[in-house]
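Asks: What follows is a structure written as structure tokens; I'll ask about it next.
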Amino acid sequence: MVSGRQDERDVLNTTDCPAIEHQATILHEQFVALRRHRLDHRKLKLIDAAVRRLDRGEFGVCEECGDPIPPKRLQAVPWAAFCIACQDRFDLEEVQAEPDLLLTA
């Protein structure tokens, strides 16, 4: 049986030229597979960083302000490196730097 992840990788390995009416669907599936891979890779990097903070005894402390990260936040996002206030500030700066990140209706 082929896993869902394998199906996503197979979409990226398409070598034949599909009919024109199928190209949009295939391109969308490729976009989704690449996006998912990028998000998974980013999450793994964040988890690895959290493990390193744990090894150094710095887990649960905001890397920006040094305040404790609330336990509820760590339960929801165990790899969190920042308290909510600092994360909100970083998110706002990121959106201001790249306004295309905002979805418009």
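Asks: For segment 68-103, give me each residue that is modelled with pLDDT of 95 or more and of a type in the set (A, V, I, L, M, F, W, C).
Replies: Of everything in segment 68-103, those that are modelled with pLDDT of 95 or more and of a type in the set (A, V, I, L, M, F, W, C) turn out to be 69, 74, 76, 77, 79, 80, 81, 82, 83, 84, 85, 86.
Asks: Does segment 56-66 include one or more residues that are among the aromatic types (Phe, Trp, Tyr), surrounded by 12 or more Cβ atoms within 10 Å (Cβ to Cβ), within 19 Å of the chain's Cα centre (by Cα) and modelled with pLDDT of 85 or more?
Replies: For segment 56-66, residues among the aromatic types (Phe, Trp, Tyr), surrounded by 12 or more Cβ atoms within 10 Å (Cβ to Cβ), within 19 Å of the chain's Cα centre (by Cα) and modelled with pLDDT of 85 or more: absent.
Asks: Exposed (fewer than 12 other Cβ atoms within 10 Å of the Cβ) and of a type in the set (Lys, Arg): which single residue out of 52, 89, 73 fits that description? Explain how you work it out, then say what you get.
Replies: Values: 89 fails: exposed (fewer than 12 other Cβ atoms within 10 Å of the Cβ); 73 fails: exposed (fewer than 12 other Cβ atoms within 10 Å of the Cβ).
52 is the lone residue from the list that is exposed (fewer than 12 other Cβ atoms within 10 Å of the Cβ) and of a type in the set (Lys, Arg).
Asks: Starting from segment 45-58, keep only residues that are without any contact (Cβ under 8 Å) to a residue 40 or more places away in the chain, then list their pairs with residues that are not aliphatic (A, V, I, L, M) whose Cβ atoms are within a distance under 6 Å, requiring at least 6 positions of separation or different chains.
Replies: Matching pairs, first to second residue: 46/79; 47/79; 50/79; 53/59.
The values are calculated or read from the model by the stated rules, or taken from the named source; none is laboratory data. The shown structure was predicted, so the numbers you read here are calculated from the model rather than taken from an experiment. As a convention, Cβ positions derive from the backbone with ideal geometry for all residues, glycine included, and neighbour counts pool all protein chains shown.
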